Amino acid sequence: MKDGAPTISTDGTGLRVAVVAASWHEQVMDGLLDGARRGLADAGVTHVDVIRVPGTFELPVACATLADRYDALVALGVVIRGGTPHFDYVCQAATVGITDVSVRTSTPIGFGVLTCDDEAQALDRAGLPDSAEDKGHEAASAAVATVVALRGVATT
């Protein structure tokens, strides 16, 4: 666990969650996806659907299509800086798009999009055996905890 990161332990039994995952950077994405699955299992979530999209840019439209069908979503992707402004455009589009979907639909979306300067940074955050961080697990845990927190408010 990274310094300052919260430990989130929430009971998500009975929740329906979809994990929307990009396909670019297979090793990083496999780690993120495994971490998200572990996070959901740790929270007791057994109804999990995984939807793969081509890249991080496609995450918002997939989330928009699925938001009303699930209690929460987890968006996973990775964008690695290159020599063109493409990085900035994709990162901004994914961030703004996913945020818009979550706010507009009131569906919690765990944000597991890595925006890294190089592949080493992405691998270090992917939840692989040698990684320092597990951002897929963190994103899934955050999505479940948000659903539970908001349901608690709605019932009081």
Point to revise | Per residue, the convex hull volume that the Cα atoms of the range 1-53 enclose (Å³) | key: 84
Check your understanding: So how far apart, in nm, are the two label points at residue 93 and residue 119 if each is 7 Å from Cα heading toward Cβ?
Key -> 2.4
Exercise for review: Report, in degrees rounded to the nearest 10, the 0 to 90 angle that the Cα long axis of helix 86-105 makes with the longest principal axis of the chain.
Suggested key: 10
Practice item. Divide by every residue of the chain the summed helix terms, -39500 (n - 2.57) for each DSSP H run of at least 4, and state the resulting mean residue ellipticity at 222 nm, rounded to the nearest 500 deg cm²/dmol. Key: -15000 deg cm²/dmol
Check your understanding: When the convex hull of the C-alpha atoms of the range 84-126 is computed, what volume per residue in Å³ does it have?
Key -> 53
Exercise for review: Evaluate the distance, in nm, between pseudo-label points positioned 7 Å from the Cα of residue 11 and of residue 104 along their respective Cα→Cβ axes.
Suggested key: 3.5
**Study point:** Percent RCO, i.e. relative contact order, over the chain, from Cα pairs under 8 Å lying at least 6 residues apart
**Key:** 31
Point to revise | Heavy-atom accessible surface of the chain: percent carbon and sulfur, 1.4 Å | key: 53
Exercise for review: Would you mind working out the magnitude of the charge dipole of the chain relative to its Cα centre, with +1 at each Lys and Arg C-beta and -1 at each Asp and Glu C-beta, to the nearest 20 Debye?
Suggested key: 540
Review point. Given labels modelled 7 Å from the Cα in the Cβ direction, how far is it in nm from residue 46 to residue 150?
Key: 2.5
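Quantify how much of the Cα-Cα distance distribution of the chain extends past 25 Å, in percent.
More than 25 Å apart: 24 percent of the Cα pairs in the chain.
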Review point. Angle between the Cα long axis of helix 26-42 and the longest principal axis of the chain, 0 to 90 degrees, nearest 10?
Key: 20
Exercise for review: Report, in degrees rounded to the nearest 10, the 0 to 90 angle that the Cα long axis of helix 135-154 makes with the longest principal axis of the chain.
Suggested key: 30
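The values are calculated or read from the model by the stated rules, or taken from the named source; none is laboratory data. Just so it is clear, the structure is predicted and the values come from calculations on it, not from any experiment. Cβ coordinates were reconstructed from backbone atoms using ideal geometry, including for glycine residues, and neighbour counts include every protein chain displayed. Surface areas here come from the heavy atoms of the whole protein model, side chains and all, with no ligands, DNA or RNA. Shrake-Rupley method; radii C 1.70, N 1.55, O 1.52, S 1.80 Å.
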